[in-house]
Amino acid sequence: MHEMKTEEINADPAMVAAARVVYLWHNGKQHVQIEQKMRELGWRSFHRNFLYSRARMNGSRKESWPERFGWAGQVKRARPKRRAKPAAASVPDAFPRWLRTVFPEWKWGWRYQRYLYKKLARVTSGQSKRLMIFMPPRHGKSEMVTFRYIAWRLLRHPGLNVIVGSYNQRLANKASRRIQRIHQDVGSRTMKRSGKPDFPVITITPAATRRALALPEWETGGGGTVRAVGVGAGIAGFGAGLVVIDDPVRNRADAESETY
């Protein structure tokens with residue numbers, strides 16, 4: 001009975017126009033999702049049965065909306081072309097390869113890590129200007145991104161200016177110290193794979209990295225700078241090509257505090 005009622009509803013031109021957009025967006029598939037989206041848009045009378053052809057009891061055939069309004073032929077033209085799979089040589093895997101080689105004692109092949117590598121590669125190439133990472137505690141957000149990714153970027157581009165932020169200066173200084181240690185220790189090695197360097201080989205010894213008297217700021221031998229700042233610290237006049245904010249809020253109480 002319900003199905004017959006949906007067939008008897010007159011096709012509102014505005015609803016048909018909206019359904020066409022949603023239908024083509026889904027490439028003519030996922031009819032349940034199409035129905036849900038239409039109802040979210042306010043078309044409560046829309047039913048997914050409109051998208052199916054059915055035979056009536058007297059033998060006549062009920063056309064679906066895609067057939068009736070010509071959407072079926074538009075789906076093929078609207079469907080995007082299949083993208084060619086990028087060549088293996090063009091896959092931006094330098095950072096994970098560097099991690100596996102320099103820090104073999106860690107596991108770098110978990111599924112969530114492989115997903116994160118792709119996002120970080122877009123940041124490295126400049127395709128992505130902002131990236132927010134949310135993972136449970138003890139999943140290596142700081143170890144991979146705040147410490148090692150920044151150190152890797154500095155090894156690739158010694159003149160890079162970096163800002164590292166956190167909810168207080170002590171934690172920001174700790175991150176700065178870890179980055180500096182990795183940068184010094186790893187920079188003095190020669191990282192090669194299959195005869196080709198993973199990054200421009202730069203020999204950096206502890207003597208080549210000038211420590212500032214104040215830990216919040218230090219320089220690389222190539223002119224790059226790392227500045228650590230806590231909430232409330234100033235960064236006026238200090239530009240950066242990479243900004244990483246790790247734990248900007250101390251705890252749940254602060255996160256839920258309107259005053260804070």
Original post:
Is it true that some residue in segment 135-147 is outside any helix (DSSP H, G or I) and crowded, with 21+ Cβ neighbours inside 10 Å?
Top reply: no
Original post:
Within segment 110-134, restricting attention to residues that are free of Cβ contacts under 8 Å to residues at least 12 places away in the same chain and in a loop (DSSP other than H, G, I, E, B), which residue is most open to solvent (accessible area, probe 1.4 Å)?
Top reply: Arg130
**OP:** Using the structure shown, decide if Trp43 is modelled with pLDDT of 85 or more, outside any helix (DSSP H, G or I) and either out of contact with any helix residue (DSSP H, G or I) (no Cβ under 6 Å at 6 or more places or on another chain) or open to solvent by less than 70 Å² (accessible area, probe 1.4 Å) (or both).
**Re:** no
Subject >> Pick from segment 56-69, criterion at pLDDT below 80 and open to solvent by less than 90 Å² (accessible area, probe 1.4 Å), ranking: farthest from Ala11 (Cα to Cα) >> reply: Gly59
Subject >> Whichever residue in segment 229-248 is more than 24 Å from the chain's Cα centre (by Cα) and of a type in the set (Gly, Ala, Ser) and, among such residues, is surrounded by the most Cβ atoms within 10 Å (Cβ to Cβ) >> reply: Gly230
Original post:
When you go through Val231, Val201 one by one, which is the residue that is at pLDDT below 50 and not hydroxyl-bearing (Ser, Thr, Tyr)?
Top reply: Val201
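The values are calculated or read from the model by the stated rules, or taken from the named source; none is laboratory data. None of the values given here were measured: they were computed from a predicted structure. Neighbour counts are summed over all protein chains in view; Cβ atoms, including those assigned to glycine, are modelled from backbone coordinates with ideal geometry. Heads up: the accessible areas ignore ligands, DNA and RNA and are worked out on the full protein's heavy atoms, side chains in. Shrake-Rupley method; radii C 1.70, N 1.55, O 1.52, S 1.80 Å.
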